[in-house]
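Everything on this sheet refers to the single structure shown next.
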Amino acid sequence: MRKNGSNRRDKKGKLMSFGYLLPSLGGVLLFFVLPFLIVIYYSMVDNPINHQFVFLDNFIMVFKNAAFLQAARNTLIFSATAVPLAVVLSLFLAMMLESKIPCRSQFRTFFLSPMMVPVASVVLIWQVLFHYNGTMNEVLAVFHLDKIDWLNSAYAQVVLVVLFLWKNLGYNMILFMAALSSMPKDILEVAVLESASPFQIFWHIKLRYMSSTILFVTIMSLINSFKVFREIYLLKGDYPYDTMYMLQHFMNNTFGRLDYQKMSAAAIMMAVVMVIIIGILFLTENYFGKDVEG
Amino acid sequence: MKLQSDGRLGAGDKTLEQWTKRNKKRKRMKHARELVRITLLTTIAGCFAVLFLMPIVLTVTNSFMSASEISANYGQVFATTNTGGKVYIAEKVNLKFIPDMVSFSQYITVLLKSPEYLLKFWNSVILVVPIVAFQLLVAAGAAYGFTRYRGRIKEIIFFVYIILMLMPYQVTLVPNYLVAQWTHIIDTNWAIWLPGIFSPFAVYLLTKYMRRIPTSVMEAAQIDGAGEWQIFQKICLPLCKGAMCSIAILIFIDYWNMVEQPLILLSDQERHPLSVFLSKINAGEIGLAFAVATIYMVPPILVFLYGEDYLVEGITYQGGIKG
């Protein structure tokens, strides 16, 4: 009798718990999932009126588009340099704050503060710093180096990496600090007793234990690296110098022309690439961190 | 006892005295080396701190320059966007830490004389505050739904949420744009609000937190006769208060900084938030830009100063995606 009653209550509870999920689920379906399915459909028809099925033609068209190729190449180069740098440098900052230096909480606050500041607010200073007659070039002049047109040359990518690191290191650092402080102390103590060198402890123990955090930081940095569009747009507007032309610029300009096919195909390609990259990262992490999980 | 490692009784030590002496010396050496290391690390940390803070400090100090001092120093930088306003343009660009004369003229102009900036600031507030409030509300329910009676279907749905959360704007903005067009909410604030409110980010984070509450607590309440609503409201929500604060801060920072969404979803520039509008300030008004920039960073900085620990906690929850 009693068991039966609790069963019925369980079933009712189960249904009710779906009720709590419903508003969010409805919104996500309506604004993300369903339209995404339609985006897939759009990417495979020739235009929204004819609905002629063309399969991969749109993708090929996008692939042959010079602007898209340029944007994809720039984005790739940028992410491939900025993300590893962000991971390594933020790990360094976190380890620095883990050691016994004074004013650690102040340093944490300082390193985290760029994350809070809207890009729009500091972009003025960046413009002054990196202008052709700006401060950076005056610094170079002190060392008798030639002037560099930071924002209108191949060096633009360097500037972007610097701006990206400035904004994102603090966030990554917090993640690493959390991982470092939650590391099992007994293993580190055993390692010290076994007279392992600090480098060995770092390489063989700390890195292994942090592998899931490294994965997460890499993924988050990758996602954030796509947001560097903000800096570029606020610095240079819709059509920046060639090496700063990112995928988001391409998308913005396609939105402007209402070219649904191109837009959909590009979005889907990006989604697929993201899923593949994240999948590979997960598999790598699984391989390296398997024996220390749990 | 032939342990050869640091500071222990070694083969070379004949007597205990010898060993103690050697050990003391080694300890002193170690201490000195440690001191050098700490000094070095502190110096590096200091350098980083200066680099990190400099742009923020410069923006604030420059906002206390008078408009003429700004255009004299930086006029050239912003001259490219000049639409014809007459400004005196200097030959060189001088980055200045401290204004020649502290003046509040920028602030007076921005706050009292030209309402357009305050209007754009208000646009930002109007766009961001409902998103923070309602995303939390929706997420609280969803997190509870994901926490109670976990089953295969829910796990699959949760996985979809994670995938969606990991997608960059370039991907999610296309679906958002299409829906906004079909429902005719494009070019209205709703086009920003609705996708923001239903963004899976808060759901993911709050679920991770709520799942840490021991199920026994909820089961105990259930046995005592509490309904789902009571468990949600009397147990889960109070326990998640801290997490909600953290998530609210993270959402706030993210949307206060938004650029992509208004550019695509709001073609009417009158509705643009200050984060987009600031870049359109032209040379004629450059004397005000620093004050506007400073005003724009005040809310997140205040949030940061009051809620740094919450923010750090929120970021920490985010880590460990396999939760």
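The numbers here are math on the coordinates, done by the rules we state, and not lab data. Everything numeric here is computed off the predicted structure, so don't read it as measured data. All Cβ positions, glycine included, derive from the backbone under ideal geometry; neighbour counts span all protein chains shown.
What the table shows:
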{"item": "Exposure proxy ranking, count of Cβ atoms within 10 Å, fewest first, for A:LEU234, A:LEU15", "result": "A:LEU15, A:LEU234"}
{"item": "Dipole magnitude of chain B, debye to nearest 20 (Cβ charges: Lys/Arg +1, Asp/Glu -1, about Cα centre)", "result": "2280 debye"}
{"item": "GNM top mover of A:ARG230, A:ARG108, A:ARG257 - chain A, alpha-carbon springs below 10 Å", "result": "A:ARG257"}
{"item": "Net charge of neighbours whose Cβ lies under 11 Å from the Cβ of B:ASP187, counting Lys and Arg as +1 and Asp and Glu as -1", "result": "-1"}
{"item": "Those aspartates and glutamates that a straight Cα-Cα span of less than 16 Å connects to B:LYS113, excepting residues fewer than 8 apart in one chain", "result": "B:GLU285"}
{"item": "Hz values of 3J(HN,Hα) by residue in the stretch A:233-243 - Karplus curve (6.51, -1.76, 1.60), Gly and Pro given as x", "result": "4, 6, 7, 10, x, 5, 10, x, 4, 3, 6"}
{"item": "Over 29 Å (Cα to Cα) - which of A:LYS100/A:LYS227; A:LYS12/B:LYS234; A:LYS167/B:LYS280 fall in this group", "result": "A:LYS100/A:LYS227"}
{"item": "Under 12 Å, Cβ to Cβ, from A:SER153 - net charge with Lys/Arg +1 and Asp/Glu -1", "result": "-2"}
{"item": "Inverse mean reciprocal Cα-Cα distance (Kirkwood Rh) of the stretch A:1-152, Å", "result": "23.0 Å"}
{"item": "Helical contribution to [θ] at 222 nm, DSSP H n ≥ 4, -39,500 (n - 2.57), averaged over the protein assembly as shown, rounded to 500", "result": "-22500 deg cm²/dmol"}
{"item": "Placed amide H near A:VAL45: partners under 5 Å, 5+ positions off or other chain", "result": "A:VAL54"}
{"item": "Dipole magnitude of the protein assembly as shown about its Cα centre (Cβ charges: Lys, Arg +1; Asp, Glu -1), debye to nearest 20", "result": "2520 debye"}
{"item": "Partner aspartates and glutamates for A:LYS262 [C-alpha distance under 17 Å; skip if fewer than 8 residues away on the same chain]", "result": "A:ASP46, A:ASP57"}
{"item": "Among A:TRP126, B:VAL292, B:THR15 - extreme Cα towards positive end, dipole of the protein assembly as shown, charges at beta-carbon", "result": "B:THR15"}
{"item": "Cα-based equivalent ellipsoid, the protein assembly as shown: semi-axes from gyration tensor eigenvalues, Å", "result": "41, 39, 25"}
{"item": "Cβ neighbours within 10 Å from other chains - mean over A:191-197", "result": "1"}
{"item": "About the Cα centre, charge dipole magnitude for chain A (Lys/Arg +1, Asp/Glu -1 at Cβ), debye", "result": "1380 debye"}
{"item": "Qualifying aspartates and glutamates (Cα of each under 19 Å from Cα of A:LYS147; at least 8 residues distant if same chain)", "result": "A:GLU138, B:GLU91"}
{"item": "The stretch B:220-323: Rg to Rh, with Rh as the Kirkwood radius over Cα pairs", "result": "1.18"}
{"item": "For the stretch B:191-260, alpha-carbon Rg over 2.2 N^0.38 Å", "result": "1.38"}
